[in-house]
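Everything on this sheet refers to the single structure shown next.
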Amino acid sequence: MDGFIQRICEDPYDIGSRLIYADYLEDRDPVRAEFIRIQIELAEYEPYKQKCECLRELPEKRPCPYCRLRRRERQIIGVSPVNRWLTWFHPVAGLGPNFQWKPQRGFVEQVACTCTVWLEHGPIIVRCQPVVVVWLTDWEQRRNVYGPLLIDPDWLKNPIAWARGAHPAHGLAAVPPLKE
């Protein structure tokens, strides 16, 4: 299983790897496999979503494919116990209120967190989830704190590359907390 995850993380835009992983999961965790497939389909419907009128029409109208998928996605999310989320979205699911994330195409692709949280957990997260977007929520307040400590303060232009070890500032020691 680790090989599947590593391949997905190395090439987050390769849908084929995600579908192969979903096939692998079919006998082991069919709900997770279905969730991955549904989210991949929903991503393909994204442009159609704006034109959908199912939600504005009468409830007895047959929903479009996008709305049927979205409804099933919500059903899976609604019945999934918390420990399932912790397994599916390890390690991001347990990081608390300073870390926000969103599953897309079956995995965590977007995160929003403080600089401190990303410096501490980013390298682990990108090995487990195919993150493609990181929003550092407190960069403006911490610019003067982090800038002098880093070999190259422009690491924040590409925090994902930094977390994957492709940046000279990788391995930075603990950064002091911001003094209010």
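The values are calculated or read from the model by the stated rules, or taken from the named source; none is laboratory data. From a predicted model like this one, the values you see are computed outputs, not experimental measurements. Cβ: placed from backbone, ideal geometry, glycine included. Neighbour counts: every protein chain shown.
Here are the numbers:
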| read-out | value |
| --- | --- |
| Residues that are modelled with pLDDT of 65 or more and over 12 Å from the mean Cα position of the chain (by Cα), drawn from region 128-150 | 136, 137, 138, 139, 140, 141 |
| Of all residues in region 109-119 being touching a residue at least 40 places away in the same chain (Cβ under 8 Å) and of a type outside the set (S, T, N, Q), the one that is surrounded by the fewest Cβ atoms within 10 Å (Cβ to Cβ) | 109 |
| Failed item in (1) buried (at least 17 other Cβ atoms within 10 Å of the Cβ); (2) within 23 Å of residue 14 (Cβ to Cβ); (3) in contact with a helix residue (DSSP H, G or I) (Cβ under 8 Å, 6 or more places away or on another chain), with residue 93 passing the rest | (2) |
| Filter result for the condition that a residue is at negative phi, assigned to a strand (DSSP E or B) and at pLDDT 75 or above, over 103, 97 | 103 |
| Count - residues of region 22-67 that are of a type outside the set (A, V, I, L, M, F, W, C), over 14 Å from residue 105 (Cβ atoms) and at pLDDT below 85 | 15 |
| Of all residues making up region 1-20, the number that are within 17 Å of residue 84 (Cα to Cα) and crowded, with 19+ Cβ neighbours inside 10 Å | 0 |
